[in-house]
Structure formats: C-alpha cells, structure tokens
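J.: Provided herewith is a single structure, encoded as structure tokens, for subsequent inquiry.
The values are calculated or read from the model by the stated rules, or taken from the named source; none is laboratory data. Here the structure is a predicted model, which means the values were calculated and not measured. Heads up, the Cβs are rebuilt from the backbone with ideal geometry, glycines too, and the neighbour counts pull from every protein chain shown. For accessibility, only protein heavy atoms count, side chains too; no ligands or nucleic acids. Shrake-Rupley method; radii C 1.70, N 1.55, O 1.52, S 1.80 Å.
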Amino acid sequence: MVMAKAAASLARDVHAQEEGISEGYKQTEVGSIPDQWQVGYIEDFAVIATGGRNTQDRVDDGQYPFFVRSQKVERINTYSFEGEAVLTAGDGVGTGKIFHYINGKCDIHQRVYRISDFAESVNGYYFFLYFSANFYDRIMQMTAKSSVDSVRREMIARMPIALPPKGEQDAIARAISDAEQLVERLETLIVKKRAIKRGAFQDLLTGKRRLPGFKEEWSEQALGTIAPLQRGFDLPNSRLREGPYPVVYSNGIVNYHSQFQVKGPGVVTGRSGTIGAVTYVEGNYWPHNTTLWVTKFGQNDPRFVGFLYSWIGFERFASGSGVPTLNRNDAHAFKVRIPPSSDEQKAIAGVLQDINADISELEKRLAKAQQIKQGMMQQLLTGRVRMS
C-alpha cells in the first residue's frame, strides 16, 4: 500500500515536470496554482445583477456614489444597494476595462453589472483584484471581434477564479491594498504639487509675486525682442541614435545624432504637429525642421526664457485647418512683461526648476510604486509567491 502511494506520488511528480508544473502546484483551467488553492465559478459564490438607473439620474452634489459605464463615479441622492460589491460596465467605451469596488450605499446604472453577496469563503476585495486583472482577457477569448461591444451575463457567471484559502485571500488583499494606498497617496501629492507649480508660474512669471531682494520695474517686450525663433533643420535619417547630440522634435527629444546644428543652451518649441510643447536643452543639439528654436537670448537667462515660453502656451498661435502650424509672426508680436535683471530671471528660473525637480522625483517614486504593485499582483494572484 505504501509502495503504491509512493508510486502514485512519483507518477504525479513526473507528470508535473513534463507539463512544466513546479512541485506543490497543479494545472487548472486558470493555469498553474498551488495545490491548496481551488477554482470556483463566480455564479457559485456570488450574486450577479444589474442596476436600474440611467445616466441622467445623476446629481452633481448627490449624497451617494452612482456607478455608470465610466471610470468616473457620479453622484446621486438615492441608493438601491448597500454592502460589498464589485461593478463593471456592461457596454460602452472601456467595456471589460472599467471596475469599481464598493462597500457601502450606492446606486447603479442599468447597464452596469453588480457582483455581490459573496460566500463566506471569498474575500470581496481579493475577488475585485483577481477579476479586474483577468476579466478583459476572458471576454476577448469569447468574442471573434478585435474589440468588445458588450458583456453577456454568462461571461461573468462562468468565469473561473483562483481561490486560495480564505486566510490567504485576506492577506493578499491587505498587501495589495497597502500598495494601492501608497500609489494613491503619491498621485494625490503630485496633483497638489502641480497645482502649486501652476500658481508659481502664474505669480512669478507675471511679477505678481517678487522674490526677496528684487525691486526693479519690469518692462513690456515682444517675444521677438526677448528671444526670436527660427525654423529648425532637415535631418538625414542615417546615423540616428549613433551620437551624443539630442534631436529635438515638436514633442521633445526623440533620438540622437552624431552631429549638432546649434550650440546649447537652447529653447525649442513646435512649429508643426505638436504645438505648445517647449523643450529646454542644456548642451549642443539639432532642432528638427518641425520646430522653432531660439536664435539669441540677448541678456536674458535661457532657462527663464524656457519657463516663460512654456507658460505662455504657443498653441494660441497655431493656424491652419489641417496639420496645425505655429504662426511665428503672431508669436513674435506677442508682448509680455519681464524683469530687466538677469539675476532676477535666474532666481525665478531656480525656484521653478526646484518645483519641477520635486515633481519629477515624485513621478519616479510613483512609477516605482506602480511597478511594485503590478509585480505583487502578478505574483500573489497566481500563487507564485505565497502569503502565510
């Protein structure tokens, strides 16, 4: 009997190795999962229903969240559901990619699916994580088209879900929730920093707020006098990405070249295509013929000019019914007030540069946090990494 069990165990191990399955894992319709995990269909552990409201029922300052066929959550003064639920759009733009988790009172659009009343063996937030990560792939497998127009109930009802033991579900949900909260905190902080940046640009680049130690009157000048613009240069496609010199296009630095056309520092903006973006370049560079570049700065600080031109918004000078083109004459005639002292210009540029650096650092932290969260989901929701 013992030998028979050993032989059976050995046979399973050999089969697993042949199938590329690690020891302690089994092959299921959702892929390889730990032996202790189960696979369940949504209709077997949750209730699937739809709402009864229309989009026009929303109220701007409503008391309750109102889930419509959008990632944006509207408001309403009624509620038809109270409890824990996962919601997804039944049709419309973003079908299969819009998901919400709620634990409270809400109302729901008639073409939004509500998955709720989870069995005691299922953590609702774990389900939300797994469902939102895998549902789009499922519905794409069930349609012959390249996009999804609508979701049928059976697409949800018969979707297989990998279910760890309840305690492990709870631990996975807590871990990923913590990672999501970090992402949300960073996103909120970046929004606040960008609002501060907009205010600083408005105040410092108009003279509304002066930095300590500067009292000279600002003068009104046309942009063509401050830092005139000239069309960029045609670029041979050979030797791209082979050199150290950035090639600046209308939407910024795209690639590099073995030669340069203009000595830095430089300020470049779009002439055609993307209008409004402004790129500051510290070293020598090649301004592409889709751009306009500053030919001379005079006594003005180049970085200050870069911030000034970015704040102005050159898209206001775009013209043409097809591909927009920047009207250089209109841009050159536009008048602004600037400080006569290059020292004040440098001081202003320094403050704005510090704000940009703070935002850039936060964006790097956010990208890392998002990467960590995504990695956690890939590892934890498949059982590759276990939560004790």
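J.: Which one of these does V183 not meet: (1) more than 18 Å from E43 (Cα to Cα); (2) modelled with pLDDT of 95 or more; (3) among the β-branched types (V, I, T); (4) over 20 Å from the mean Cα position of the chain (by Cα)?
T.: (4)
J.: Output the qualifying pairs, or none if there are none: Cβ atoms under 9 angstrom, residues six or more apart or on different chains, first residue in segment 310-324 and outside any loop (DSSP other than H, G, I, E, B), second residue basic (K, R).
T.: That search, which allows pairs on different chains as well, returns F317/R328.
J.: Residue by residue through segment 41-50, note down the ones that are open to solvent by 60 Å² or more (accessible area, probe 1.4 Å) and closer than 16 Å to T88 by Cβ. Spell out the reasoning first.
T.: Just the residues of segment 41-50 that are open to solvent by 60 Å² or more (accessible area, probe 1.4 Å), to begin with: 43-44, 47, 50.
Scanning segment 41-50 gives E43, V47, T50.
J.: Further, regarding this structure: If we only count strands (runs of 3 or more DSSP E) wholly inside segment 222-301, which ones have 3 or more residues that are closer than 17 Å to D330 by Cα, at pLDDT below 95 and among the aliphatic types (A, V, I, L, M)? Explain how you work it out, then say what you get.
T.: Working: elements: 229-231, 245-249, 252-257, 266-270, 278-281, 291-294.
No strands (runs of 3 or more DSSP E) qualify here.
J.: Can you tell me which residue in segment 51-68 is farthest from Y126 (Cα to Cα), limited to those that are out of contact with any His (no Cβ under 6 Å at 6 or more places or on another chain) and surrounded by 15 or more Cβ atoms within 10 Å (Cβ to Cβ)?
T.: Looking only at segment 51-68, we keep the residues that are out of contact with any His (no Cβ under 6 Å at 6 or more places or on another chain), and these are 52, 54-66.
So of that shortlist, the ones also surrounded by 15 or more Cβ atoms within 10 Å (Cβ to Cβ) come out as 57-58, 62, 64-66.
Numbers: D57: 31, R58: 29, G62: 29, Y64: 24, P65: 22, F66: 22 Å.
Out of the qualifying residues, it is D57.
J.: Another question about this same structure. Name the pairs whose Cβ atoms lie under 7 Å apart, with the first residue in segment 80-96 and farther than 13 Å from I156 by Cβ, the second among the aromatic types (F, W, Y) and open to solvent by 10 Å² or more (accessible area, probe 1.4 Å), and 6 or more positions between them or separate chains?
T.: E84/F118
J.: Taking segment 220-259 as the search range and keeping residues that are among the hydrophobic types (A, V, I, L, M, F, W, C) and within 34 Å of the chain's Cα centre (by Cα), which one is farthest from I338 (Cα to Cα)?
T.: Quick first cut of segment 220-259, residues among the hydrophobic types (A, V, I, L, M, F, W, C) only: 222-223, 226-227, 229, 233, 235, 240, 247-248, 253-254.
Subset that is within 34 Å of the chain's Cα centre (by Cα): 229, 233, 235, 240, 247-248, 253-254.
Values: L229: 18, F233: 30, L235: 35, L240: 38, V247: 29, V248: 26, I253: 28, V254: 31 Å.
The selected residue is L240.
J.: Answer yes if at least one residue in segment 98-106 is open to solvent by 60 Å² or more (accessible area, probe 1.4 Å), under 19 Å from F131 (Cα atoms) and not in a loop (DSSP other than H, G, I, E, B), and no otherwise.
T.: First pass over segment 98-106, keeping only residues open to solvent by 60 Å² or more (accessible area, probe 1.4 Å): 101, 103, 105.
From the residues that got through so far, the ones that are under 19 Å from F131 (Cα atoms) too are 101, 103.
Next, only the ones that are not in a loop (DSSP other than H, G, I, E, B) stay: 101, 103.
Looking for residues that are open to solvent by 60 Å² or more (accessible area, probe 1.4 Å), under 19 Å from F131 (Cα atoms) and not in a loop (DSSP other than H, G, I, E, B), one finds at least one in segment 98-106, hence yes.
J.: Filtering segment 90-113 down to residues that are within 26 Å of the chain's Cα centre (by Cα) and among the charged types (D, E, K, R), which residue is nearest to I76 (Cα to Cα)?
T.: Looking at residues that are within 26 Å of the chain's Cα centre (by Cα) and among the charged types (D, E, K, R), I get D91.
J.: Also: Can you tell me which residue within segment 145-176, out of those that are open to solvent by 30 Å² or more (accessible area, probe 1.4 Å) and either touching a His at 6+ places or on another chain (Cβ under 6 Å) or part of a helix (DSSP H, G or I) (or both), is nearest to I359 (Cα to Cα)? Before you say what the answer is, go through the steps one by one.
T.: Here is the first cut: in segment 145-176, the ones open to solvent by 30 Å² or more (accessible area, probe 1.4 Å) are 145-147, 149-150, 152-154, 158, 165-167, 170, 174.
With either touching a His at 6+ places or on another chain (Cβ under 6 Å) or part of a helix (DSSP H, G or I) (or both) added as a condition, the list becomes 153-154, 166-167, 170, 174.
Numbers: R153: 44, E154: 45, K166: 40, G167: 39, D170: 35, R174: 29 Å.
My answer is R174.
J.: Which of the residues belonging to segment 263-308 are surrounded by fewer than 24 Cβ atoms within 10 Å (Cβ to Cβ) and hydroxyl-bearing (S, T, Y)?
T.: If the condition is that a residue be surrounded by fewer than 24 Cβ atoms within 10 Å (Cβ to Cβ) and hydroxyl-bearing (S, T, Y), then S272, T274, T279, Y280, T290, T295 are the ones that fit.
J.: Moving to a separate point now. Please specify each residue of segment 312-327 satisfying the condition of being open to solvent by 80 Å² or more (accessible area, probe 1.4 Å) and not basic (K, R). Before you say what the answer is, go through the steps one by one.
T.: Applying the first criterion (open to solvent by 80 Å² or more (accessible area, probe 1.4 Å)) to segment 312-327 yields 315-316, 321, 323.
Passing the criteria: E315, S321, V323.
J.: I'd like to know if segment 186-200 contains one or more residues that are among the hydrophobic types (A, V, I, L, M, F, W, C), in contact with a Phe, Trp or Tyr (Cβ under 9 Å, 6 or more places away or on another chain), open to solvent by less than 40 Å² (accessible area, probe 1.4 Å) and at pLDDT 95 or above.
T.: No: segment 186-200 contains no residue that is among the hydrophobic types (A, V, I, L, M, F, W, C), in contact with a Phe, Trp or Tyr (Cβ under 9 Å, 6 or more places away or on another chain), open to solvent by less than 40 Å² (accessible area, probe 1.4 Å) and at pLDDT 95 or above.
J.: Could I ask something else about it? Would you mind stating whether I21 is assigned to a strand (DSSP E or B) and either out of contact with any strand residue (DSSP E or B) (no Cβ under 8 Å at 6 or more places or on another chain) or on the phi < 0 side of the Ramachandran plot (or both)? Give the steps one after another, and end with the answer.
T.: Working: assigned to a strand (DSSP E or B): no; either out of contact with any strand residue (DSSP E or B) (no Cβ under 8 Å at 6 or more places or on another chain) or on the phi < 0 side of the Ramachandran plot (or both): yes.
Answer is no for this residue.
J.: If G375 satisfies all but one of (1) in a helix (DSSP H, G or I); (2) in contact (Cβ under 8 Å) with a residue 40 or more places away in the chain; (3) farther than 29 Å from L205 by Cβ; (4) of a type in the set (G, A, S), what's the number of the condition it fails?
T.: Answer for G375: the failing condition is (2).
J.: For segment 75-85, what are the residues that are open to solvent by 30 Å² or more (accessible area, probe 1.4 Å) and over 24 Å from F118 (Cα atoms)? I'd like the intermediate steps shown before the answer.
T.: Step one: of segment 75-85, the residues open to solvent by 30 Å² or more (accessible area, probe 1.4 Å) are 75, 77-80, 82, 84.
Once the filter is applied, which keeps residues that are open to solvent by 30 Å² or more (accessible area, probe 1.4 Å) and over 24 Å from F118 (Cα atoms), segment 75-85 yields R75, N77.
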